[in-house]
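None of the figures in this text is laboratory data; all of them are computed from the coordinates on show. Values in this document were obtained by computation on a predicted structure and should not be read as measured data. A quick note on method: Cβ atoms are made from the backbone with ideal geometry, for glycine too, and the neighbour counts reach across all protein chains shown.
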Amino acid sequence: MSGHANISLFVPHAGCPHRCAFCDQRTLSGQAEPACAADVARAVARALPGLKKHPQAELAFFGGSFTAIPRAEMTGLLEAALPFVQNGTVSGIRVSTRPDAVEDGVLALLKRYGVTAVELGAQSMDARVLEENRRGHTPEDVVRAAERVRRAGFSLGLQMMTGMYGDTARGAEETAARLAALGPDTVRIYPALVLRGSAWERWYRAGRYRPPSLEETVELCARLWAFFEARGIRVIRLGLHASPELEAGRVAGPWHPAFGELCRSRLFLHAALRTLAGAAPGEVLLRVSPRELSQALGQRRQNLALLQQAGYRVQIVPDAAVRPGMFAVRLPSGEERAASIHKEGGGCS
Ligand code: SF4
């Protein structure tokens, strides 16, 4: 994932017209109350020491339906944030919201206050899945909102979820394809987790909903990641942030604190197997960027074990000449090949 940095302020459920079946932003954010204007300066002050490393950091309002927050509260937050854009402390403001709360008027207002990126919680592009998960909007709302956000000149972010009630891996891949067609600049992919207090918790306890396994989810999300990146769309988040509140509020679902790492490792495994396809079994030397050595090896060196099962005794070594996302292979025949972990024109649908 890219080195994207935010100073995040959470507004749990602010502006939400109802509670979606999977959602509990208080658990996800670890906050009971939405941030207020005074919290903005405090958050920037806390983040200041780390900002030198991230000159492109943005102030971000997450966890609710920002554009549906009562207007006075919304502008209060933006007024508190704008000076930090004007004095160059942050490069812009990022907000996330519902696709059915994005009118041209509110976008014009966001523009005046220095907002640069709007993220839409699309979650699925299947009307039935949206309805069954009580989203309260349609796929057409996502398309309309994305067009408005782009037309207004914002960076467009889209968020999708895998493993939703009533969805399938194939359905998530179709969602990814439809979202990619909307030309987002960034994407976040969240595997479904059953959170305490959500409708999903009741459905899970009643045996009505079973989230997919971690293994299925890693496999799917690795494919989705490759799919977006092959189209030049940055995946800026894969999986939820680990936090004590999430640990306490998570009832079930495919959770791992280093979920993105697991997916990246899976991409290496797929790419290595693709590159070795048709090669005679034997000793293989694989050179990777030093930054990606642990991902290439896999958790507990799992990738080495799986490649061995396929007939290859693979040694993976760091090489500063290899760019991240690429690797160089010496096959048992002595032939050298270079490859990308993202399949050329790779796709999940
Ligand atoms: S998913 Fe979004 S719109 Fe639905 S309740 Fe959560 S924050 Fe609100």
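Observations on the model:
- Projected label distance in nm at GLU33 and LEU214, using a 7 Å step from Cα toward the beta-carbon: 3.7
- Ellipsoid equivalent to segment 197-275 - semi-axes via the Cα gyration tensor, in Å: 28, 14, 12
- Here the label points at LEU109 and LEU51, each 7 Å from Cα along the C-beta direction, are separated by 2.6 nm in the simple model.
- Tail fraction, Cα-Cα pairs, segment 240-349, threshold 25 Å, whole percent: 28
- The charge dipole of the chain, taken about its Cα centre with unit charges on the Cβ of Lys, Arg, Asp and Glu (plus for the first two, minus for the last two), comes to roughly 400 debye.
- Direction-averaged projected area, Cα convex hull, the chain: 18.1 nm², rounded to one decimal.
- Counting only DSSP H runs of at least 4 residues, each contributing -39500 (n - 2.57), and dividing by the residue count of the chain, the helix-based mean residue ellipticity at 222 nm comes to -11500 deg cm²/dmol.
- Dipole-positive endmost among VAL129, LEU59, THR75 within the chain (Cβ charges, Cα centre): LEU59
- Shape call, segment 277-340: gyration tensor on alpha carbons, a/c limit 1.5: oblate
- Kirkwood-Stokes translational diffusion coefficient of segment 217-259, alpha-carbon pairs, 4 °C, 1.567 mPa s, µm²/s: 110
- Gain on full stretching of the segment that runs from ARG42 to ASP319 - 0.36 nm per residue minus C-alpha separation: 95.5 nm
- Note on GLU335 and ALA127: the model spin-label points, each 7 Å out from Cα along the C-beta direction, lie 5.0 nm apart.
- Pairwise FRET efficiency - ALA280 versus ALA248, Cβ, R0 = 56 Å, nearest 0.05: 0.60
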